[in-house]
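Enquirer: Below are the structure tokens for one structure; questions will follow.
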Amino acid sequence: MLTSIRGLTAATLSAGLLLGAAPAFASGSNSEAITNADLADDGISTDLIAASAALDGDTVVITTQPVTFDRAGEPVVEDASSMGGESGLTFSANVALTTEYRFRGVDLSGGEIAIQGGFDVSHSSGFYVGTWASSLDEQTVGYGSTELDLYGGWSGNVSDAVSVDVGFIAYTYPDAGPGDFDYYEFYGSLGFTFGPVSTTTGVAYAPGQDGLDFGGGTDDNLYLYTDLSLGIPDTPITLNGHLGYTDGSLTFTNDGKAFDWSISADVALGGNFSANIAYIEAEGDPAPGAYDFTDGAIVATISASF
């Protein structure tokens, strides 16, 4: 809600509920969101931007990467079927169960378990579209019980070691109460690979719109993030680090500026399954008596991709 798109940035079930997160997509994944779409402000590259971060994201959706799909960073799923044949189209899907849905460090499930999932269609030219969903805590967050993200963009390699992901992500809340909650953002990211080490740097930007106007005088949002991953040779384990910065409406802080960060480990379980364990935290002090959306937490996720 609030994409390293993915994240691609995290994993979900509509393809958010039946994932970003993301830019991220981006997350915060693009997430490597967006890692969603890295929008971030959500942490959602997709790699948000959101999606950039894909968006991301620190959307927390988890594929075989740290879910902070934070959409702004990684909406495009790597495990895809070639059902498209000569058309050049490939289809992929993912589903995840996570102990807490974190978007760019912000808790959107009220500390409760979240179900997530996504579906993507990509073309051999590099263009892709997808959708991702996650359950929310209706009482705590106030956006209803479901987040549904829709995104599209282009990703490809400019050299053997450098990749690019750019796109657009819309965050929607189908069963939210009265008022404007939906918003959109643009995301982009650069990925670099050096042997077992990969890094993604992304940005997600949500221009001023009704869904981001919370009455505080700021109705746009900028999310910047960097993700770093290290695959441990001869093991199924990948170590990940994420750092994001939000400036705008989606910080859940008093001054509209916040950092979020996470460290995590992915473990390939065999077949299409993977697991992730992460410590995630965002800067910010809650209002007296209010729920602490940014309190640090250990988040565990199990996911499958098809």
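Enquirer: Which whole-number percentage describes the relative contact order of the stretch 123-173, with Cα contacts under 8 Å and a sequence gap of 6 or more?
Expert: In percent, rounded to a whole number, it is 34.
Enquirer: I would also like to ask the following. Can you order the peptides 144-151, 299-306, 157-164 by their average number of other Cβ atoms within 10 Å per residue, highest first?
Expert: The packing order, highest mean first, is 144-151, 299-306, 157-164.
Enquirer: Which of the peptides 243-251, 260-268, 100-108 is most tightly packed, and how do the rest follow, going by the mean number of other Cβ atoms within 10 Å of each residue?
Expert: 100-108, 243-251, 260-268
Enquirer: Residue by residue, what Karplus-based ³J(HN,Hα) values in Hz, rounded to whole numbers, does the stretch 120-132 have, using 6.51, -1.76 and 1.60 with θ = phi - 60° and x for Gly and Pro?
Expert: With coefficients 6.51, -1.76 and 1.60, one gets 10, 10, 10, 10, 4, 6, x, 6, 8, 9, x, 9, 8 Hz.
Enquirer: Can I ask one more? Taking only protein heavy atoms into account and a 1.4 Å probe, give the accessible area per residue of the stretch 86-125 in Å².
Expert: With the other protein chains kept in place, the stretch 86-125 gives 36 Å² per residue.
Enquirer: Let a ≥ b ≥ c be the square roots of the eigenvalues of the Cα gyration tensor of the stretch 170-241; is it rounded (a/c under 1.5), or, if not, prolate (a/b larger than b/c) or oblate?
Expert: It comes out prolate by the Cα gyration axes.
Enquirer: State the percentage of accessible surface on the stretch 148-306 attributable to carbon and sulfur atoms; use a 1.4 Å probe and exclude ligands, DNA and RNA.
Expert: 63
Enquirer: Now a separate question. When you count, for each residue, the other Cβ atoms within 10 Å and take the mean per peptide, how do 131-139, 223-231 rank with the highest first?
Expert: Averaged packing, sorted descending, gives the order 223-231, 131-139.
Enquirer: If one computes the Cα centroid of the stretch 222-247 and of the stretch 93-112, what distance in Å separates the two points?
Expert: Here the two parts' Cα centres lie 17 Å apart.
Enquirer: Where nothing but the Cβ of Lys and Arg (+1) and of Asp and Glu (-1) is charged, how large is the charge dipole of the stretch 141-217 around its Cα centre, in debye to the nearest 20?
Expert: Using Cβ point charges on Lys, Arg, Asp and Glu, the stretch 141-217 gives about 300 debye.
The values are calculated or read from the model by the stated rules, or taken from the named source; none is laboratory data. Quick caveat, the model's predicted, so the values are computed rather than measured. FYI the Cβ positions are ideal-geometry reconstructions off the backbone, even for glycines, and counts take in every protein chain you see. Heads up: the accessible areas ignore ligands, DNA and RNA and are worked out on the full protein's heavy atoms, side chains in. Shrake-Rupley method; radii C 1.70, N 1.55, O 1.52, S 1.80 Å.
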